[in-house]
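All remarks here apply to the structure that follows.
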Amino acid sequence: MNKPIIALDFASKQQVEAFLAQFSEPLFVKVGMELYFQEGPELVRFIKSQGHSIFLDLKLHDIPNTVESAMKGLANLGVDLVNVHAAGGLEMMKAAKRGLAGSETKLIAVTQLTSTSESQMHEDQLVYVSLEESVLHYAKRAMQAGLDGVVCSVLEAEAIGEACGQNFLRVTPGIRPATVSVDDQKRVATPAQARAKGSTHIVVGRAITKAENPADSYAQIREEWSGKF
Ligand SMILES: O=c1ccn([C@@H]2O[C@H](COP(=O)(O)O)[C@@H](O)[C@H]2O)c(=O)[nH]1
């Protein structure tokens, strides 16, 4: 079972260091826009030097040429996972993959953000299909472009596994243990539900980073996710 990916949604290297100091094992962490735009590639190199695996969650979405060039830069960082928005289109996703040529970094595409509900998708995007249909469409396009998987919610993970194959990654944020507030997330599930529905990875931020004891919270989530609880 893959380790839960901890979203390091912090504003500074200092906060990251203080957080990581509470763990004595190699982790799988996610560096997103908040942290990357403050601290840049140096911080990614630092986290890597500490032996942790990294999902660099920058959700690129631009014209194919720009995304390909940006991916060439990210390829040099040697992270484990990077992503684009599937809404950028097939050509953009293919360009992103070309940019990573020769690197070991896996590429996944965001389908519909887990903070989006079906009614919001209709209103904001004028997309009048079901949310699952939209997510499945993006997953199939990502597969067609040669990507390694998608970011989706647990609610769509099973259908994507059936449509795209079990090796196609289903990386699922919006994870909340039963007692924790959902905050701004709309399509949420517990770690146990994620396991049952075939997520390949879970992404957990605030339920760990804002917990009274992050290391305990991580251990509980990891146990629930791995089915040991
Ligand atoms: O659809 C998506 C894509 C990315 N995210 C990111 O995951 C974490 C979730 O944090 P929580 O505190 O566990 O809600 C966050 O970094 C998002 O940027 C997502 O939530 N949904």
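A few points about this structure:
- Burial ranking of peptide ranges 8-18, 110-120 (average Cβ count within 10 Å, highest at the top): 110-120, 8-18
- Between amide H atoms placed 1.01 Å from N, distances below 5 Å from Ile54 occur with Val29, Asp80, Leu81, all of them 5 or more places distant or on a separate chain.
- Hz values of 3J(HN,Hα) by residue in the stretch 193-202 - Karplus curve (6.51, -1.76, 1.60), Gly and Pro given as x: 5, 4, 5, 5, 8, x, 4, 8, 9, 10
- Lysine-lysine proximity count for the stretch 73-228, Cα under 24 Å, sequence distance 8 or more or distinct chains: 12
- Exposure proxy shown here: for Val182, Val84, the number of other Cβ atoms within 10 Å sets the order, fewest to most, as Val182, Val84.
- Set of aspartates and glutamates near Lys13 by C-alpha distance (under 13 Å), chain-local residues within fewer than 8 positions excluded: Glu34, Glu39, Glu42
- 3J(HN,Hα) along the stretch 65-73, derived from phi through the Karplus expression 6.51 cos²θ - 1.76 cosθ + 1.60 where θ = phi - 60°, amounts to 4, 5, 5, 4, 5, 5, 5, 4, x Hz, with x in place of Gly and Pro.
- Positive minus negative residues near Ala194 (Lys, Arg vs Asp, Glu; Cβ under 14 Å): +3
- A simple rule links phi to the HN-Hα coupling: the Karplus curve 6.51 cos²θ - 1.76 cosθ + 1.60 with θ = phi - 60°, which for the stretch 89-103 gives x, 4, 5, 5, 5, 4, 5, 4, 5, 4, x, 8, 3, x, 9 Hz, with x for Gly and Pro.
- Residues with amide H under 5 Å from that of Ala7, placed H, sequence gap 5 or more: Lys30, Val204, Gly205
- As a rough footprinting exposure proxy, the listed residues His201, His85 were ranked by other beta carbons within 10 Å of their own, and the order from fewest upward is His85, His201.
- With the helix formula -39500 (n - 2.57) applied to DSSP H stretches of n ≥ 4, the chain reaches a computed 222 nm mean residue ellipticity of -13500 deg cm²/dmol.
Bear in mind that the values in this text are calculations on the coordinates, not laboratory data. This one's a predicted model, so the numbers in the text were calculated from it and none came from an experiment. Counting neighbours? That spans all protein chains shown, and the Cβs are built from the backbone with ideal geometry, glycine included.
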